[in-house]
Amino acid sequence: MTITRHRHGRRRASAVSAVAVATLAVALAVPAAAAGSTLQAAAAESGRYFGTAIAASRLNDGTYTNIANREFNMITAENEMKMDAMQPNRGQFNWSSGDRIVNWARQNGKQVRGHALAWHSQQPEWMRTMEGPSLRTAMLDHVTQVATYYRGKIHSWDVVNEAFADGNSGGRRDSNLQRTGNDWIEAAFRAARAADPGAKLCYNDYNTDNWSHAKTQGVYNMVKDFKARGVPIDCVGFQAHFNSGNPVPSNYDVTLRNFAALGVDVQITELDIEGSGSSQAQQFQGVVQACLSVARCTGITVWGVRDSDSWRASGTPLLFDGSGNKKAAYTSTLNALNAGGTPVPSTSPTPGPSTSPTPGPSTSPTPTPTTTPPPTGSGTCTATYSEGQKWNDRFNGTVTIRANGNISSWTSTVTVRSPQRIIATWSGSPTWDSSGNVMTMRPSGSGALADGQTVSFGFTVQHGGNWTWPTVACSAS
């Protein structure tokens, strides 16, 4: 096992069996008429971005900024937007370095990936000494404050970074955040959606490239669960730190495709490949081809501009050498991008709550269905929950009842989890069980619905620190 380090942080890359990446990287002909002359232009031909990580301390370096401006259209702050940089003292945020990168990117027509809102590493000293509910509160407050501050300026947020363990368990990493409760990742995503509803929300990790690895499967199962339960996750980031002991796996495209099939975008977020010459060039080409083969692989970010700027500088892992000259890996990457691939479909981020919420239920109740259904029926019904507006202490939810066949009425149950409690309802007649955790909602008037018709009711939950969605069900008569 080799150990590698970020500036101000650390990564661990477990060895995998060497695989000939040539099986993934096939020579491609470049159609001259459509060829983009820069990485960002070539990637844009298929609707993708090509980005890099930027350090604020290098923005005065003309060679560095000229390359970054010419070649890349997605910018990630290397360290300046991590937890220790953003909130060095509790309640005291330092926006200056993050703002410098975000402003440089936006002034030059770039988009920004936000990295990272919640992470077990690079926590400020005051947070590292916390545990339990106080840490949970501090983490969620950090997510909310930072995402709110940059709202509308971020393309994708790495909401949670590196929460899964290396090795064969496929389980979560033991960290102070994990010890606040297994739902801490879900809570962070819900807080991020409330704070910045227009941004894509991503889970980001390393050593998740090989489909057969337990860690990859662990992350996959979490994402599958989140999508099934409506947790707001839009994308998965694959860091893609490769070297001779951890080469690009031959099933890399399978990994990307299987995650994308869950209904999330996939992004290659921190790509660097140690090596030189044709071998390095071939591996970069293989990564690009894998992304291009998956419609929902929306972009690639390399982790630095020149080899000398890399946290792995001795391994010369990037597309430009220390003097800013294009390497063979640059040419193979550009050619692969220009060869094209499956276009990115036109999609919008998962809808979030209003950016300017007004507390309390909607003042406009759900309209009564315009078609008068039969008064009796023998159909069934389904109940679907959707999240609504959120605040620090509460959130709104909506349940949509759908008739499967004609029904004469319906009854829905909504179960919340302690310490949650429902404090307001609308568009229905509620009752509660003795625990106060189960609400039974019935229609205020006629509950008759024709086959395929829907009706909705809503409620406000005071969450008490538990952001878990309610469980809903429906029965028909």
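The values are calculated or read from the model by the stated rules, or taken from the named source; none is laboratory data. Since the structure is predicted, the reported quantities are computational estimates derived from the model, not experimental observations. Heads up, the Cβs are rebuilt from the backbone with ideal geometry, glycines too, and the neighbour counts pull from every protein chain shown. For accessibility, only protein heavy atoms count, side chains too; no ligands or nucleic acids. Shrake-Rupley method; radii C 1.70, N 1.55, O 1.52, S 1.80 Å.
From the residues in segment 451-467 that are open to solvent by 20 Å² or more (accessible area, probe 1.4 Å) and among the hydrophobic types (A, V, I, L, M, F, W, C), which one is farthest from the chain's Cα centre (by Cα)?
Ranking the qualifying residues of segment 451-467, first place goes to VAL455.
Could you say which residue among ARG190, ARG113 is of a type outside the set (A, V, I, L, M) and either farther than 25 Å from ASP205 by Cβ or part of a helix (DSSP H, G or I) (or both)?
Selected residue: ARG190, the only one of ARG190, ARG113 that is of a type outside the set (A, V, I, L, M) and either farther than 25 Å from ASP205 by Cβ or part of a helix (DSSP H, G or I) (or both).
Name the single residue, out of those in segment 204-225 being in a helix (DSSP H, G or I) and small (Gly, Ala, Ser), that is farthest from VAL248 (Cα to Cα).
Among residues in segment 204-225 that are in a helix (DSSP H, G or I) and small (Gly, Ala, Ser), the one farthest from VAL248 (Cα to Cα) is GLY218.
Suppose we keep only residues that are under 20 Å from ARG296 (Cβ atoms) and among the basic types (Lys, Arg) within segment 184-218. Which one would you say is most open to solvent (accessible area, probe 1.4 Å)?
Looking at the filtered set, the residue picked out is LYS200.
Are there any pairs, at least 6 apart or on different chains, whose C-beta atoms fall under 8 Å, with the first in segment 136-158 and closer than 13 Å to GLY114 by Cβ and the second at pLDDT 95 or above and acidic (Asp, Glu), and if so, which?
Within 8 Å, the pairs are ALA147/ASP196; THR148/ASP196; TYR150/ASP196; ARG151/ASP196; GLY152/ASP196; ILE154/ASP196; SER156/ASP234; TRP157/ASP196.
Being on the phi > 0 side of the Ramachandran plot and open to solvent by 20 Å² or more (accessible area, probe 1.4 Å) narrows it down to one residue among GLY304, GLY275; which is it?
That would be GLY275, the only listed residue that is on the phi > 0 side of the Ramachandran plot and open to solvent by 20 Å² or more (accessible area, probe 1.4 Å).
ILE423 fails exactly one of the following numbered conditions: (1) at pLDDT 80 or above; (2) part of a loop (DSSP other than H, G, I, E, B). What is the number of that condition?
Only one criterion is unmet by ILE423, namely (2).
Check whether at least one residue in segment 194-203 is in a helix (DSSP H, G or I) and modelled with pLDDT of 95 or more, and report yes or no.
So far as segment 194-203 goes, yes, one or more of its residues are in a helix (DSSP H, G or I) and modelled with pLDDT of 95 or more.
Taking the condition of being not in a helix (DSSP H, G or I) and not aromatic (Phe, Trp, Tyr), how many residues in segment 116-161 meet it?
Residues meeting the conditions: 21.
Any residue at all in segment 399-417 that's at pLDDT 85 or above, within 30 Å of ALA138 (Cα to Cα) and either assigned to a loop (DSSP other than H, G, I, E, B) or of a type in the set (Phe, Trp, Tyr) (or both)?
Yes, there is a match, as at least one residue in segment 399-417 is at pLDDT 85 or above, within 30 Å of ALA138 (Cα to Cα) and either assigned to a loop (DSSP other than H, G, I, E, B) or of a type in the set (Phe, Trp, Tyr) (or both).
Pull out all pairs, ordered by first then second residue, where Cβ-Cβ is under 8 Å, the residues are six or more apart or on different chains, the first lies in segment 313-325 and is farther than 17 Å from VAL287 by Cα, and the second is part of a strand (DSSP E or B) and modelled with pLDDT under 95.
Listed by first residue and then by second, the contacts come to GLY315/ASN243.
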